[in-house]
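Note sheet for the following structure.
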Amino acid sequence: MQYLNDIKSLNLEELKVELKAEFKDIFAFRAEQIYSWLHEQNVESFDEMTNLSKELRENLKLKYEIRNCEIEQKLESQLDETKKYLFKLNDGEFIESVLMKYKYGYTVCISTQVGCSMKCTFCASTIDGCKRNLTPSEMLSQVYKIEKDNENIKVSRVVLMGMGEPLDNFDNVLKFIELITDKKGKNLSNRNVTISTCGIVPKIYELIKLNPQFTLSISLHAPNDEIRNKLMPVNKKWNVDELLKACKEYTKATNKRISFEYVLIDTVNDDPEHAKELARKLKNILCYVNLIPVNEVTENNYIRSTDQKIQNFKKILDDAGITTTVRRTLGKDIEASCGQLRRTR
Ligand code: SAH
């Protein structure tokens, strides 16, 4: 894998190899210093690496780029402590991330691509397509910048549920997870990293081979192909049965529960019949379901289900023995779901 001069995307071993020629016998020591500045101390420039001489820092500057996130806009919820960030990348592209505070600590929702090419009809991130993949360093920078901007809080969970389709940027996402869980970096527990996917089935099988310890979340949103084809074009390539088969394999191989996300849209997928069909389909899968009232987006006409219908839907799944939660809406007053800020900039 090549990240050229993108120094924050290198793991410690790769960094040592990089620095060998320049630092001769103390290359390992230098690599540890630089790695710690980047991944433990959240510095954003070589000039902040004060235990390196000026000459050294100038040399590094000539060779390497540190990819950062600049805060273009920040919205803070008055209802809870949710903060939504619009970040500007080194090349001028924009992405979004969200900080959420829960009882057990801080969670950051990060983007994995600039835009998205999946074309889910309810989603704002995909309207202009996918501009490019994010590098591991750009995914890390979202977390690092948010820690820094909030008096150096320690983020304990990361969810890959912002803009983009993580499994469409497979290698970079895996490298990101390697780096964010590295003991010499942020040392997050693998279990506290969640990948969310619209269902790129061959990539789910690739994941199974890697015996992943992170959490997998599937954006299902419909109990059958007829509805799912309308909401998610990816379903025309890999349909509900193929997707659920892969999910079953995943739970068998990893012994880990999968979480299914289901956005509830008035009259589209929220009838009791839909809930019953969903319960039948998920019956033999080690999973739980997360119901999400759809966030209304100006570019489409989808309407949020009523609270009554949401509770009915949940009850049908609960009664069928499927653990179901309704997602607590954080940052309701700041449109904290991704894709909308970038569009209205
Ligand atoms: N591409 C990945 C991750 C990004 S989307 C995926 O599809 O899972 C993250 C989650 O937000 C998905 O479950 C997605 O379906 C959901 N989402 C997108 N637009 C939404 C909206 N308008 N309201 C509620 N949830 C939405």
### Selected residue [of a type outside the set (Lys, Arg), open to solvent by less than 30 Å² (accessible area, probe 1.4 Å), assigned to a helix (DSSP H, G or I) and within 11 Å of the ligand (Cβ to nearest atom)] from Val263, Val234
Val234
### Task
Please find, among Leu286, Leu264, the residue that is within 17 Å of Ile227 (Cα to Cα), in the same structural domain as Asn211 (by TED's automatic domain parsing) and modelled with pLDDT of 95 or more.
Leu264
### Query
Residues in segment 168-181: is at least one outside any helix (DSSP H, G or I), without any contact (Cβ under 8 Å) to a residue 60 or more places away in the chain, surrounded by fewer than 22 Cβ atoms within 10 Å (Cβ to Cβ) and not assigned by TED's automatic domain parsing to the domain that holds Asn11?
yes
#### Entry: Neighbours by Cβ (under 9 Å, 6+ apart or cross-chain): first from segment 302-319, surrounded by fewer than 13 Cβ atoms within 10 Å (Cβ to Cβ); second assigned to a helix (DSSP H, G or I)
Asp319/Ala279
### Message
Kindly evaluate Asn211 against the criterion of being open to solvent by 50 Å² or more (accessible area, probe 1.4 Å) and assigned by TED's automatic domain parsing to the domain that holds Ile180.
### Response
yes
### Task
Quick one: count up the residues across segment 62-88 that are outside any loop (DSSP other than H, G, I, E, B), farther than 18 Å from Gly162 by Cβ and open to solvent by less than 70 Å² (accessible area, probe 1.4 Å).
1
### Message
I need a count of the residues in segment 139-159 that are outside any loop (DSSP other than H, G, I, E, B) and either away from the ligand (no atom under 15 Å from the Cβ) or in contact with a Phe, Trp or Tyr (Cβ under 8 Å, 6 or more places away or on another chain) (or both).
### Response
14
### Query
Under 9 Å by Cβ, and 6 or more places apart or on different chains, what pairs join a residue from segment 112-138 that is over 17 Å from Leu160 (Cβ atoms) and more than 8 Å from the ligand (Cβ to nearest atom) with one that is of a type in the set (Val, Ile, Thr) and open to solvent by 20 Å² or more (accessible area, probe 1.4 Å)?
Lys119/Ile127
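The values are calculated or read from the model by the stated rules, or taken from the named source; none is laboratory data. What you are looking at is a predicted structure, and each value in this text was computed from that prediction instead of being measured. Please note: Cβ atoms are built from the backbone with ideal geometry, for glycine as well, and neighbour counts cover all protein chains shown. Note: accessible area is taken over every heavy atom of the protein model, side chains too, but ligands, DNA and RNA are not part of it. Shrake-Rupley method; radii C 1.70, N 1.55, O 1.52, S 1.80 Å.
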